[in-house]
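The values are calculated or read from the model by the stated rules, or taken from the named source; none is laboratory data. Being a predicted model, the structure only gives us computed values, none of them experimental. Glycine also receives a Cβ, built like all others from the backbone with ideal geometry; neighbour counts cover every protein chain displayed.
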Amino acid sequence: MELKGKTAVITGAGSGFGLELARLCAAEGMNLVLVDVQADALARVADELKSSPLLAQRVDVSSAAEMATLAAAVQARFGAPHLVFNNAGVAFGGLVWEASPTDWDWVLGVNLMGVVHGVRLFTPMMLAAAKADPSYRGHVVNTASMAGVLNPPISGPYNVSKHAVVSLSETLHHDLALVTDQVHASVLCPYYVPTGIADSHRNRDPATMARATPSQKASYLMSSKAVASGKLSAADVAAMVLDAVRTQRFWIFSHPKALGAVALRAEEMVGARNPSDPFAERPELGEQLRALLRSA
């Protein structure tokens, strides 16, 4: 897939994978559509990449109306995009029954509906471009997580949202194959990579963390430590994404070694066995967490 002169739409472009992919796409000579809910971060990226043809727009991806406005602006400025990276995401954990309706709306709104809106708005534009031009090539990449193929404890809303993104992406792959050979899809399932997602509550009401339950605070501390300790960089993962686009590879796993846990889960399902202890390799962590939550 030749990228020079083509258009990339990137949500969550203000930080993490979105920022690094924007940098790579700029280096490839692509037109950039940069999207983020955080205006100051978006402005910094737009200023950094201003030598590229770009459209920077503050958008809450959970809003159908704002995403529709974005799609119309992309069509008017650049026409149908060639690469759509539905990447914006937030993190939230804690015991699954402790999440409030507002918490569920926030996580599912950004992580799932943001991807849904990107798919439903940009895919028809890409298919129309493919129909009009046999040389057109398009690719949709949706950011899920290893939490989309596993179910770590005290991460319920996040797990649910990311499993849904994996399902949506795999279905999109099959549906596209029915109607075209010119547009493809991939799903990104990163493990622990320093991206800033652990602090995604920065875009919520500041009182949110003050109201957090012990399990939600524990989830935040655990995920922050794990993400910060990641050896792979966001730039490394962005390079994997671009390689998958070029080679039309569906699954993008940042940490293939983690797939052993996926294989074990598949074996448990096929064998109708109960899920194994997620702390089997770190029993001391499981004991600490049980002690904390049972004394709360």
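Per-structure values
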{"read-out": "Residue within the range 196-212 that is touching a helix residue (DSSP H, G or I) at 6+ places or on another chain (Cβ under 6 Å) and modelled with pLDDT of 80 or more present", "value": "no"}
{"read-out": "Count of the range 155-183 residues which are buried (at least 21 other Cβ atoms within 10 Å of the Cβ) and assigned to a loop (DSSP other than H, G, I, E, B)", "value": "0"}
{"read-out": "Test: residue in the range 85-102 that is more than 28 Å from Ala207 (Cβ to Cβ) and either part of a loop (DSSP other than H, G, I, E, B) or within 13 Å of the chain's Cα centre (by Cα) (or both)", "value": "yes"}
{"read-out": "Residue, surrounded by the fewest Cβ atoms within 10 Å (Cβ to Cβ), within the range 49-82, restricted to residues that are within 19 Å of Arg120 (Cα to Cα) and of a type in the set (Ser, Thr, Tyr)", "value": "Thr69"}
{"read-out": "The listed residue being more than 30 Å from Arg137 (Cβ to Cβ) and β-branched (Val, Ile, Thr), out of Val237, Val227, Val241", "value": "Val227"}
{"read-out": "Every residue from the range 245-289 that is exposed (fewer than 14 other Cβ atoms within 10 Å of the Cβ), basic (Lys, Arg) and closer than 28 Å to Thr195 by Cα", "value": "Arg246, Arg249, Lys257, Arg282"}
{"read-out": "Residue within the range 271-279 that is among the aromatic types (Phe, Trp, Tyr), touching a helix residue (DSSP H, G or I) at 6+ places or on another chain (Cβ under 6 Å) and closer than 30 Å to Glu2 by Cβ present", "value": "no"}
{"read-out": "Pairs where the first residue, in the range 191-219, is within 18 Å of Asp60 (Cβ to Cβ) and the second is small (Gly, Ala, Ser) and outside any loop (DSSP other than H, G, I, E, B), C-beta under 6 Å, 6+ apart", "value": "Gly196/Gly16"}
{"read-out": "Of all residues in the range 32-48 being surrounded by 24 or more Cβ atoms within 10 Å (Cβ to Cβ) and in contact (Cβ under 8 Å) with a residue 40 or more places away in the chain, the one that is farthest from the chain's Cα centre (by Cα)", "value": "Val33"}
{"read-out": "Given (1) touching a Lys or Arg at 6+ places or on another chain (Cβ under 8 Å); (2) at pLDDT 95 or above, index of the condition Met1 fails", "value": "(2)"}
{"read-out": "Filter pass, Ser186 being within 14 Å of the chain's Cα centre (by Cα), under 19 Å from Leu95 (Cα atoms) and either aliphatic (A, V, I, L, M) or crowded, with 17+ Cβ neighbours inside 10 Å (or both)", "value": "no"}
{"read-out": "Pair list, Cβ under 9 Å, 6 or more apart: the range 276-296 residue in contact (Cβ under 8 Å) with a residue 60 or more places away in the chain and closer than 15 Å to Ser219 by Cα, other residue assigned to a helix (DSSP H, G or I) and among the hydroxyl-bearing types (Ser, Thr, Tyr)", "value": "Leu289/Ser215; Leu292/Ser215; Leu293/Ser215; Ala296/Ser215"}
{"read-out": "Count of the range 191-242 residues which are assigned to a helix (DSSP H, G or I), small (Gly, Ala, Ser) and under 21 Å from Gly109 (Cα atoms)", "value": "5"}
{"read-out": "Which numbered condition His174 misses (of (1) without any contact (Cβ under 8 Å) to a residue 24 or more places away in the chain; (2) more than 23 Å from Pro81 (Cα to Cα))", "value": "(2)"}
{"read-out": "Every residue from the range 268-296 that is in a helix (DSSP H, G or I), under 23 Å from Ile154 (Cα atoms) and not small (Gly, Ala, Ser)", "value": "Glu268, Met269, Pro283, Glu284, Leu285, Glu287, Gln288, Leu289, Arg290, Leu292, Leu293, Arg294"}
{"read-out": "Selection count, the range 16-31, where residues are in contact (Cβ under 8 Å) with a residue 24 or more places away in the chain and over 18 Å from the mean Cα position of the chain (by Cα)", "value": "5"}
{"read-out": "Checklist (1) in a helix (DSSP H, G or I); (2) under 28 Å from Val166 (Cα atoms); (3) among the hydrophobic types (A, V, I, L, M, F, W, C) applied to Ala43, failing item", "value": "(2)"}
{"read-out": "Where Asp133 falls short, out of the listed (1) within 21 Å of Ala72 (Cβ to Cβ); (2) surrounded by 16 or more Cβ atoms within 10 Å (Cβ to Cβ)", "value": "(2)"}
